[in-house]
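Q: Below is the structure I would like to discuss, written out as structure tokens.
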Ligand code: KIV
Ligand code: NA
């Protein structure tokens, strides 16, 4: 299959074809989901939660994200690979943001970066896009601002925040973003945003009218048991499958069943 580019993603919206996106943080997982035919792989800073075991995405560093992204890129042949810029790698100045985005592209080999927020990051996004680095926006529940929100509850349920989000979406399009993630907002608002901008929206907990959907791969594979938001659909119970496999191995080692005659050298 032909390599997927940011232009492919934009065209998919125009053609009414839905965009599939999943996260990955390592070579093996990236290879599996790329070969399965995913459109976009996001090296999310959710690596902080699912790979490193932190409670928030705040501790993630740019060097750690570059490491994860470089591992993913080596596993991918077809999908578009986008990596999150982590907290404090783009907020201080546009110049620092451009250096961070540039490092991510040069050192990891991703095809674009994602960063969170609206109005405060518009100038920064223009600068990164002008340098030739595609940018994906991210509005709604932006986890890097968790200490400002104080809760992971659904965002923009009030008119003022909803109005602001719609305005931010327009600004992101104008600044040159090739798409926008909408996280945990009312489906009606996500639909409105999707209708009003020409770049694709990719939703997580943002309803069926978005141009695409994204989930954290560990969540949709059922590797986590504790995280149960309304928006999550589990496509496997890998927690149970892996537990069974590990327990079978332990049993076979303890009983002496493993290794067998065929599994040793003469
Ligand atoms: O880090 C992440 O996994 C994300 C997606 C949930 C959009 O930003
Ligand atoms: Na993220």
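We did not get these values from a lab; they are worked out from the coordinates using the rules stated. All of these numbers come straight from a predicted model, not from anything done at the bench. Neighbour counts are summed over all protein chains in view; Cβ atoms, including those assigned to glycine, are modelled from backbone coordinates with ideal geometry.
Q: Need one word for region 61-169: rounded, prolate or oblate. Basis is the Cα gyration tensor (sqrt eigenvalues a ≥ b ≥ c); a/c below 1.5 gives rounded, then a/b vs b/c decides.
A: Note, shape of region 61-169 comes out prolate.
Q: Report the normalised scattering of region 1-88 as log10 I(q)/I(0) at q = 0.16, 0.19 Å⁻¹, calculated by the Debye formula with identical scatterers on the alpha carbons.
A: Each listed q maps to, in turn, -0.62, -0.82.
Q: Further question on the same structure: FRET efficiency for residue 26 and residue 209, Cβ-Cβ distance as r, R0 = 41 Å, nearest 0.05?
A: Efficiency at R0 = 41 Å is approximately 0.80.
Q: Rounded to the nearest 500, what is the 222 nm mean residue ellipticity of the chain from helices alone, with -39500 (n - 2.57) per DSSP H run of 4+ residues and division by all residues? Walk me through the intermediate numbers first.
A: Numbers: 11 runs with 107 residues, N = 266.
About -11500 deg cm²/dmol.
Q: While we're on this one: Which whole-angstrom value gives the distance between the alpha carbon centres of region 58-108 and region 1-33?
A: 18
Q: Assuming 0.36 nm per residue, please report the length gained on full extension of the stretch residue 238 to residue 163 beyond their Cα-Cα distance.
A: 23.0 nm
Q: Follow-up question, since we're still on this one. Where the Cα atoms of the chain are projected onto their three principal axes, how long is each span, largest first, in whole Å?
A: Extents along the principal axes, in whole Å: 68, 38, 38.
Q: If you don't mind, another one. Running a GNM on the chain with Cα contacts under 10 Å, which residue among 131, 97, 162 ends up with the highest mean-square fluctuation?
A: Judging by the Gaussian network model, the answer is 131.
Q: Packing-wise, with mean Cβ within 10 Å as the measure, how do 134-140, 255-261, 84-90 rank, highest first? Present the calculation step by step, with values, prior to reporting the outcome.
A: Numbers: 134-140: 26.6, 255-261: 9.3, 84-90: 23.6.
For the peptides 134-140, 255-261, 84-90, the packing ranking is 134-140, 84-90, 255-261.
Q: Can you list, largest first and rounded to whole Å, the semi-axes you get for region 182-258 by taking the square root of 5 times each eigenvalue of its Cα gyration tensor?
A: 41, 10, 6
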